[in-house]
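A quick write-up on the structure given underneath.
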Amino acid sequence: MKKLRVLIIGSGNIGTDLLIKVLRSTKLQCAGFVGRSYSSKGMQKAASLGVRCSDRSVEFIINNQDDIDLVFDATSAKFHLESADIYKKLGIKVIDMTPAKLGELCVPSVNMSECSAHQNVNMITCGGQASIPLAYALSKVYDDIEYIETVSSIASKSAGPATRANLDEYIATTEYGLKYFTGAQNAKAILNLNPAIPCVNMQTTLLALVDPSKIEEFSAEVEAIVKEIQLYVPGYELIVPPKYENGRVITTVRVKGMGDYLPEYAGNLDIINCAAIAMAEEYANNE
């Protein structure tokens, strides 16, 4: 089987962890790892693995376009908005890891096959990848959802400079995704950075104002979609099954990372990377 040639731009934690996952994939081939500085830890890690590296950023992609089928953009929302047109003109597919909200919103357990028809897909946010499948399961049971709220708690150490710089975009994009995939009238996203030592695993809670009469149907949908997510995110676990209390439905999941480049507690970064790899492999299947 011919492998899809993928390049990673952005040498931070997300990009470097993606690199390890790409190298392990049987359907993907790393065509390069690029950033802005050879002195970054990510670039040094890539070089130690024998991966082709460059500090020329988008310029490298333009000069090597014939060797690249797909780009993982692990930079920032602002940078993606500036470079997306370049990828489009070059005819290169792009999986956007930032909350730029420019491409087709993608949650593999919900709409991966539909996304394969798009040149640019957006992986929303880590909180979106954790909560939107639960919200989507809710929408399969309830036609009219008045309000959805998602609260994600992550280890402070797992939130790097890019994550902290994009907090406003994180909130806006997660809320937009919740409404986009469910038709909910109102949505709220909250992100808590927990400084506890030892570091905590990511936990995401979904709350919704809905009729309690269909809680069993919702529970069945949640169990089904959790199993589907576990096919590409092994550390995704339902820890509080759906229940009704104080006039709302509530359910909670925990995400433990695979420990590739990042520590296991960084499930928030692992879930979005696992989702991106699943999408890239879907592109490969359709080549």
| How big is the accessible area of LEU167 in square angstrom, nearest 10, if you roll a 1.4 angstrom probe over the protein chains? | 60
| Whole-angstrom Cα spans of segment 129-187 along principal axes, big to small | 39, 17, 13
| query | Measuring from centroid to centroid over Cα atoms, what is the spacing of segment 147-198 and segment 1-40 in Å? | reply | 25
| query | R0 = 35 Å: FRET efficiency of GLU104 with GLU245, Cβ-based, nearest 0.05? | reply | 0.45
| Can you give me the relative contact order of segment 106-192 as a percent, contacts being Cα pairs under 8 Å and 6 or more apart? | 37
| Given that just one value was derived from the coordinates, which of [x] 32, 20, 17; [y] 54, 19, 14; [z] 38, 34, 17 is semi-axes √(5λ) of the Cα gyration tensor in Å? | [x]
| task | Specify whether the C-alpha gyration tensor of segment 96-165 places it in the rounded, prolate or oblate class, a ≥ b ≥ c being the square roots of the eigenvalues: rounded for a/c under 1.5, otherwise prolate if a/b is larger than b/c and oblate if not. | result | oblate
| field | GNM flexibility winner over the chain from GLY127, GLY259, GLY247 (Cα, springs under 10 Å) | value | GLY247
| query | Under a plain spin-label model, where a point goes 7 Å from the Cα along Cα-to-Cβ, how far apart in nm are GLU146 and LYS188? | reply | 1.4
| Using a simple spin-label model with points 7 Å from Cα along the Cα→Cβ vector, what separation in nm is obtained for LYS41 and ALA165? | 1.7
| Can you give the accessible area per residue of the chain, in Å², using a 1.4 Å probe? | 43
| query | If you roll a 1.4 Å probe over the chain with all protein chains in place, what percent of the accessible area is carbon or sulfur? | reply | 47
| message | For a quick size check, give me the Cα extents of segment 208-287 along its three principal axes, largest first, whole Å. | response | 44, 32, 17
| task | Specify the residue with the greatest mean-square fluctuation among SER57, SER39, SER153, computed from a Gaussian network of the chain linking alpha-carbon atoms under 10 Å apart. | result | SER39
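In terms of the Cα gyration tensor, with a ≥ b ≥ c the square roots of its eigenvalues, is segment 43-182 rounded because a/c is under 1.5, prolate because a/b exceeds b/c, or oblate? It would help to have the intermediate numbers written out before the result.
Values: a/c = 2.33, a/b = 1.62, b/c = 1.44.
Because a/c hits 1.5 or more and a/b exceeds b/c, segment 43-182 counts as prolate.
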| task | Give the shape of segment 1-113 as rounded, prolate or oblate, defined through the alpha-carbon gyration tensor: a ≥ b ≥ c are the square roots of its eigenvalues, a/c under 1.5 means rounded, and otherwise the shape is prolate if a/b is larger than b/c and oblate if not. | result | rounded
| task | Along Cα→Cβ, 7 Å out, is where each label goes; now give me the distance between the ones at GLU264 and ALA224 in nm to one decimal. | result | 3.2
| note | Rounded to the nearest 10, the angle in degrees between the Cα long axis of helix 126-139 and the longest principal axis of the Cα atoms of the chain comes to 40
| note | Counting lysine pairs in segment 1-146 that sit 8 or more positions apart or on different chains, with Cα atoms under 20 Å apart, gives 17
| request: Return the single residue from THR125, THR251, THR98 with maximal mean-square fluctuation; model: Gaussian network over the chain, springs between Cα atoms under 10 Å. | output: THR251
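The values are calculated or read from the model by the stated rules, or taken from the named source; none is laboratory data. Since the structure is predicted, the reported quantities are computational estimates derived from the model, not experimental observations. Heads up, the Cβs are rebuilt from the backbone with ideal geometry, glycines too, and the neighbour counts pull from every protein chain shown. For the accessible areas, the whole protein counts, side chains as well, though only heavy atoms, and no ligand, DNA or RNA atoms are used. Shrake-Rupley method; radii C 1.70, N 1.55, O 1.52, S 1.80 Å.
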